[in-house]
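Chemist: Mind looking over this structure? Questions follow.
Here, each number is a calculation from the coordinates, and none is a lab measurement. In this text the structure is predicted, and so the values were computed from the model without any measurement. All Cβ positions, glycine included, derive from the backbone under ideal geometry; neighbour counts span all protein chains shown.
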Amino acid sequence: MADDVLRLENLVTEIASDQATVRVVDGVSVSVRRGRTLGLVGESGSGKSLTCLSILGLLPAGGRVASGRILFRGEDLAGMSQRNLSRYRGTGIGTILQDPMTSLNPLLTIGDQIGEVFRYHHGISSAAERRRRAVAVMEQVRIPAAAERLNAYPHQFSGGMRQRIAIAMSIAADPGLIIADEPTTALDVTIRLQILQLLRDIQRERGTAILLVTHDLHAVARFCDDVAVMYAGRIVEQGPVAEVFARPAHPYTVGLVAAVPRIAVIPERLATIPGQPPRPGESVQGCAFAPRCARASAGCLPASPAPRSIAPGRSVACIAPHLLAEAAE
Ligand SMILES: Nc1ncnc2c1ncn2[C@@H]1O[C@H](COP(=O)(O)OP(=O)(O)OP(=O)(O)O)[C@@H](O)[C@H]1O
Ligand SMILES: [Mg+2]
């Protein structure tokens, strides 16, 4: 679609080690539109972070995008040189990670760090102007007494304030897309909501597209427009949050949603997902969720089901999804 800021088309990412090559992202196709937030959810190890790192060109050693396209504003980042990619990182695409200290330098003052973003990305050579802009962006992320705190170091701030500083550094470059991988997991509940609300406010002001990775389905329900559910490297279901949570179609989504009180009304017998996902590199025949699925049949074994459309903007990769009418009963 025209206002897709990010579009992944059949993204396949592999990590090679001495023993084997493991396909950690297996044909992911999702889009994030301007001014919209896509929530990416799924069990630990399903490939959410490696999807993000593929987009950023920051895969761990041995990792590579094996096929597919990573379209950012229509330009394919897959296979782009590190030198060209680094132009996009920061400027076009901002990142916010679970531990803000990974993006902050403990030895530099906050003012110097945020100022550096304005120097590097906007070419602002005047130190006074950089400080002025740093204060403005700190005020935007609601850091109290911003001007007085320019000379403070990261360790002098609380975890929630540090995450605000990381967000300030991200938005200082005015990115079109923010990738936030569990940005609030390390924070306590009230601070979490404030940070997510802050991201939402920034998005409203600037039209930023956001890819939000989280385990918190309440946060998805409240702050995301669309949701993509990942299982064993694949997107098993996606669509508008309200519709997916009210009437989940993939048996895995049904289990995920049922495990969270008050998001949807799901019969109690479906409320847990037994078993474990496949181990990385374990060979799986057919649908990877079938061994854990109450609806599985012989039809699930021949091939992993491809996503298919079940309603406008909704797709599910299952040969026997909960039909929308059935799930609503
Ligand atoms: N450096 C690495 N080398 C080999 N395999 C890796 C590496 N990093 C991750 N993996 C494997 O890739 C799979 C996907 O990992 P990823 O970190 O993307 O999961 P995730 O969905 O982000 O999980 P979590 O919710 O725990 O953050 C996992 O099975 C993991 O074991
Ligand atoms: Mg992760």
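Chemist: Sorting check: for 105-116, 73-84, which peptide has the highest mean count of neighbouring beta carbons within 10 Å, and how do the rest follow?
Modeler: Details: 105-116: 17.6, 73-84: 13.2.
In decreasing order of mean packing, 105-116, 73-84 become 105-116, 73-84.
Chemist: Okay, next question. Using the crude model of +1 on Lys and Arg Cβ and -1 on Asp and Glu Cβ, and no other charge, please compute the dipole size for the range 69-199 relative to its Cα centre, in debye to 20. Display every interim value, and only then the final one.
Modeler: Details: 15 positive and 12 negative charges, 56 e Å.
About 260 debye.
Chemist: Most exposed first by the Cβ proxy, i.e. fewest other Cβ within 10 Å, how do 215, 155 rank? Intermediate results must be reported in sequence, preceding the final value.
Modeler: On the way: 215 15, 155 9.
Listed from fewest to most nearby Cβ atoms, that is 155, 215.
Chemist: Quick check for me: using +1 on Lys/Arg Cβ and -1 on Asp/Glu Cβ, what's the dipole size of the chain about its Cα centre, in debye to the nearest 20? Let's see the in-between values first.
Modeler: Values: 35 positive and 30 negative charges, 95 e Å.
The calculation lands at about 460 debye.
Chemist: I would also like to ask the following. With a ≥ b ≥ c the root eigenvalues of the C-alpha gyration tensor of the range 82-148, is it rounded (a/c under 1.5), prolate (a/b larger than b/c) or oblate?
Modeler: Judged from the Cα gyration tensor, the range 82-148 comes out oblate (a/c at least 1.5, b/c at or above a/b).
Chemist: To continue, here is another question. Compute the signed sum of charges (Lys and Arg +1, Asp and Glu -1) over the other residues within less than 12 Å, Cβ to Cβ, of residue 203.
Modeler: Working: positive: 33, 34, 36, 200, 204, 206; negative: 201, 205, 225.
Within the 12 Å Cβ shell, the charges total +3.
Chemist: Using DSSP, restrict attention to beta bridges with both residues in the chain and report what percent are antiparallel, rounded to the nearest 5.
Modeler: Values: 31 of 50 bridges.
The answer is about 60 percent antiparallel.
Chemist: If packing is taken as the average number of other Cβ atoms within 10 Å across a peptide's residues, how do 156-165, 128-137 rank, most packed first?
Modeler: Working: 156-165: 18.9, 128-137: 17.4.
For the peptides 156-165, 128-137, the packing ranking is 156-165, 128-137.
Chemist: For helix 127-140, what angle does its Cα long axis make with the longest principal axis of the chain, in degrees from 0 to 90 and rounded to 10?
Modeler: Here the helix axis deviates by roughly 40 degrees.
Chemist: Quickly work out the residue 128-to-residue 174 label distance, labels modelled 7 Å from Cα along the C-beta direction, and quote it in nm with one decimal.
Modeler: 2.3
Chemist: Can you give the Rg/Rh ratio of the range 4-224, where Rg is from the C-alpha atoms and Rh is the Kirkwood radius? Walk me through the numbers on the way to the answer.
Modeler: Values: Rg = 17.5 Å, Rh = 18.0 Å.
When Rh is taken as the Kirkwood radius, the ratio is 0.97.
Chemist: Counting only other residues whose beta carbon sits under 12 Å from that of residue 104, what net charge do I get with K and R as +1, D and E as -1?
Modeler: -1
Chemist: log10 I(q)/I(0), Debye, Cα-only the range 13-71, no solvent, q = 0.14 Å⁻¹?
Modeler: The Debye formula, applied to the Cα set alone, gives -0.41.
Chemist: As I understand it, the value is the acute angle between the Cα axis of helix 159-172 and the longest principal axis of the Cα atoms of the chain; what does it come to in degrees, rounded to 10?
Modeler: 80
Chemist: Between 159, 121, 217, whose Cα lies farthest towards the positive end of the dipole of the range 4-224 when Lys and Arg beta carbons carry +1 and Asp and Glu beta carbons carry -1, centred on the Cα centre?
Modeler: Checking the options against the dipole of the range 4-224, the answer is 121.
Chemist: Work from the charge dipole of the chain (Cβ charges, +1 for Lys and Arg, -1 for Asp and Glu, about the Cα centre) and give the residue of 97, 294, 239 farthest towards its positive end.
Modeler: Looking along the dipole axis, the top candidate is 97.
Chemist: Further question on the same structure: Could you work out how far helix 189-206 tilts from the main Cα principal axis of the chain, as a 0 to 90 degree angle to the nearest 10?
Modeler: Once rounded, the angle reads 80 degrees.
Chemist: Sorted by average packing, counted as other Cβ atoms within 10 angstrom per residue and highest first, what order do 168-177, 245-254 take?
Modeler: Details: 168-177: 22.0, 245-254: 24.5.
With the highest mean Cβ count within 10 Å placed first, the list reads 245-254, 168-177.
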